[in-house]
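To keep things clear, I will list the structure first and then write my remarks on it.
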Amino acid sequence: MKTLKLTIAVLALLFVGVTANAAKKATTKTDVVNIYIDAIANGKVKGLDNVLDEQMQFCTQRGANVNTISKDKFLDYLGKGTDTTAPLNTSTTIMQDDDNSQKVKIDFKYDGYVRTDVVTLSHTTGWVITNVTSSYQ
């Protein structure tokens, strides 16, 4: 009987350990920003779909012209790998941060120009990107 109790206890601990490891790790604000930077700077779009809100909008500003696209079109554009030039330097500045949202300015410094993305994150069921405004200098 003692062996049976010990075996059941070991199996219960094993089950709890496996279940805890199988649970999905919560994505932090920093994780979301890093996934976005990796997609833009290095073309690694794996996981990006999971951190973009379904209603996400991507706005590109060039002078007075503003072009807005949806999440699906943004992912299609990135998936084509049209811009393969890696930035020389990337820097981030947190513009606003609280428990439910964050706004981050990301500068991608290329040879001859700077692309500035202002990324808005919101926390609903997890941290997701809801809006990106991109401009060039």
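The values are calculated or read from the model by the stated rules, or taken from the named source; none is laboratory data. Here the structure is a predicted model, which means the values were calculated and not measured. Quick reminder, even Gly has a Cβ in these numbers, built from the backbone with ideal geometry, and neighbours come from all protein chains shown. Calculation scope for accessible area: heavy atoms of the full protein, side chains included, ligands and nucleic acids excluded. Shrake-Rupley method; radii C 1.70, N 1.55, O 1.52, S 1.80 Å.
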Residues whose built amide H sits under 5 Å from the amide H of Leu52, excluding neighbours closer than 5 in sequence, are Ile129
Work out from phi, with θ = phi - 60° and the Karplus expression 6.51 cos²θ - 1.76 cosθ + 1.60, the ³J(HN,Hα) of each residue of the stretch 43-50, listed in order in whole Hz, and give x for Gly and Pro. x, 8, 8, 4, x, 5, 4, 6
By average Cβ neighbour count within 10 Å, what is the ranking of 41-50, 101-110, 116-125, 62-71 from highest down? 101-110, 116-125, 41-50, 62-71
Over all directions, average the projected area of the Cα convex hull of the stretch 61-123 and note it in nm². 5.6
Integer Hz, Karplus 6.51/-1.76/1.60 couplings in order for the stretch 68-80, x for Gly and Pro: 10, 10, 8, 4, 4, 5, 5, 5, 4, 4, 5, x, 7
For the stretch 123-137, just list the computed ³J(HN,Hα) in residue order, Karplus coefficients 6.51, -1.76 and 1.60, θ = phi - 60°, integers in Hz, with x standing in for Gly and Pro. 10, 10, 8, x, 6, 9, 8, 9, 7, 9, 10, 10, 9, 10, 10
Accessible carbon and sulfur surface of the stretch 46-137 relative to its total accessible area, %, 1.4 Å: 45
5 angstrom amide H check on Thr27, placed H, neighbours 5+ away: Trp127
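Taking a 18 Å limit on the Cα-Cα distance, which of the listed pairs Lys80/Lys109; Lys46/Lys105; Lys44/Lys103; Lys46/Lys80 fall beyond it?
Distance filter (> 18 Å) returns Lys80/Lys109; Lys46/Lys105; Lys44/Lys103.
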